[in-house]
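The values are calculated or read from the model by the stated rules, or taken from the named source; none is laboratory data. Since this is a predicted model, take the numbers as computed values, not measurements. Methodologically, a virtual Cβ is constructed for each residue, glycine included, from the backbone with ideal geometry; neighbour enumeration extends over all protein chains shown.
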Amino acid sequence: MHLRGVVLPDADVRDLWVRDGLVSFEPVPGAETLCRTGWIVPGLVDAHCHVGIRYGGGDEDHAGAIAQAETERDAGALLLRDAGSPIDTRFIDDHHDLPKIIRAGRHIARPRRYIRELGIELDDERDLPEIVAEQARFGDGWVKIVGDWIDRSVGDLRPLWSDAILKEAIDAAHANGARVTAHVFGEDALPGLIDAGIDCLEHGTGLTDETIEMMVEHGTALVPTLVNIDTFPEIADSAGKFPTYAAHMRDLHRRVKQTVANAHEAGVPIFAGTDAGGSIRHGRIAEEIAALGAAGLSAHDALGAASWNARSWLGRPSIEAGAPADFVVYQEDPRVNPEILATPYAVILRGRLFQRHGPITGHR
Ligand SMILES: [Zn+2]
């Protein structure tokens, strides 16, 4: 296969070929030309999704998990960072027509302090370092813990863990070669998580100027999952007898754009994740990119957060000679017209063409 187009992020017009599923910049005799104009973007990344959690909740079966991964692929998301899954999705590694999943094992929480039956629930927080080490060995370099959740005895978001045990647990993950990320909505869990050396925060709606500064000092990344934060008002509506919690969720939602803008401006690395699985449908990475743009990232940075920057953060190549031919082709510059992200001209995974919308119509 041969393609000619504007290759991002450098935006140079290049010819590239696919040979044996890999990118080549040397001509391949007899290659069929797929396009002569177009914008070629390194395979998109959904840096927070859950292949294996059924839409509406519960464990997904193998056929359902495959369908979820196919939906991501057809939307151009060719690398997925799983942020916790109740089922073992390692069988997907044998499906070369599905996106690569970087797994985090199962969520680690405490009893009554997360979505029921989704994660491993520790009665005694002192078991956290051991369980983190176990999940580190089970996953693909990430461990997911639940940092805060509603405490019904208090009626508001509260941290799940003491600062000392977090430090021990994150050290244990690092000793086992894994990075750690945490679900965190509110303000109070953040200093303990960041100080303990956590590598990434999911959602992070409670970030303040102080905790943003701490993230910058520690080099902590942020995956805001803005598509999910949009559901906060519904969560608040169904909070029933917890009015303080409901008001808190509404407030976090009200200021999320500013929170993300502040973190970005301060220099926190931000990556795109939809939180698909459970309450969010798969295949919405284009919407997350648009939301990051609306929260103050430039169109280039918002796309980079779901492509080349996320790939490099996860240790995966972009469009390089010898790298797997994982890229998405658009008819127009997706930084100028982000709406085009919803209808890729071509999705190419490991050198195979999957999704294709319409002819190239745009002008360079
Ligand atoms: Zn999630």
Top-ranked residue of the range 271-306 - restricted to ones that are among the hydroxyl-bearing types (Ser, Thr, Tyr) and within 16 Å of the ligand (Cβ to nearest atom), ranked as nearest to the chain's Cα centre (by Cα):
THR274
Subset of the range 106-116 (residues that are part of a loop (DSSP other than H, G, I, E, B), touching a residue at least 24 places away in the same chain (Cβ under 8 Å) and over 14 Å from HIS50 (Cβ atoms)):
ARG110, ARG112, ARG113
Only one of ASP171, ASP148 is among the acidic types (Asp, Glu) and buried (at least 24 other Cβ atoms within 10 Å of the Cβ); which?
ASP148
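Listed here are the residues, each with its yes/no results for (1) in contact with an Asp or Glu (Cβ under 8 Å, 6 or more places away or on another chain); (2) more than 16 Å from the ligand (Cβ to nearest atom); (3) at pLDDT 95 or above; (4) in a loop (DSSP other than H, G, I, E, B).
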site	(1), (2), (3), (4)
VAL143	no, no, yes, no
ALA164	no, yes, yes, no
ALA169	no, yes, yes, no
THR181	yes, no, yes, no
Screening ILE198, ILE131, ILE212, ILE194 for residues that are within 16 Å of the ligand (Cβ to nearest atom) and in contact (Cβ under 8 Å) with a residue 12 or more places away in the chain leaves only ILE198
If you take the residues in the range 145-162 that are among the small types (Gly, Ala, Ser) and in contact with a Pro (Cβ under 8 Å, 6 or more places away or on another chain), which one is nearest to the ligand (Cβ to nearest atom)?
GLY147
Scan of the range 103-117 for residues that are closer than 28 Å to ASP93 by Cβ and surrounded by fewer than 21 Cβ atoms within 10 Å (Cβ to Cβ), ordered by number:
ILE115, GLU117
So how many residues does the range 114-135 have that are among the small types (Gly, Ala, Ser) and at pLDDT below 95?
1
When the range 191-209 is checked residue by residue, the ones that are assigned to a loop (DSSP other than H, G, I, E, B), touching a Ser or Thr at 6+ places or on another chain (Cβ under 7 Å) and surrounded by fewer than 24 Cβ atoms within 10 Å (Cβ to Cβ) are ASP199
Selected residue (criterion: nearest to GLY351 (Cα to Cα)) from residues of the range 53-76 that are within 15 Å of the ligand (Cβ to nearest atom) and buried (at least 22 other Cβ atoms within 10 Å of the Cβ)
GLU72
In the range 33-52, residues that are charged (D, E, K, R) and within 15 Å of the ligand (Cβ to nearest atom) total 1
Take the residues in the range 210-226 that are closer than 20 Å to ARG81 by Cβ and out of contact with any strand residue (DSSP E or B) (no Cβ under 8 Å at 6 or more places or on another chain); name whichever of them is surrounded by the fewest Cβ atoms within 10 Å (Cβ to Cβ).
GLY219
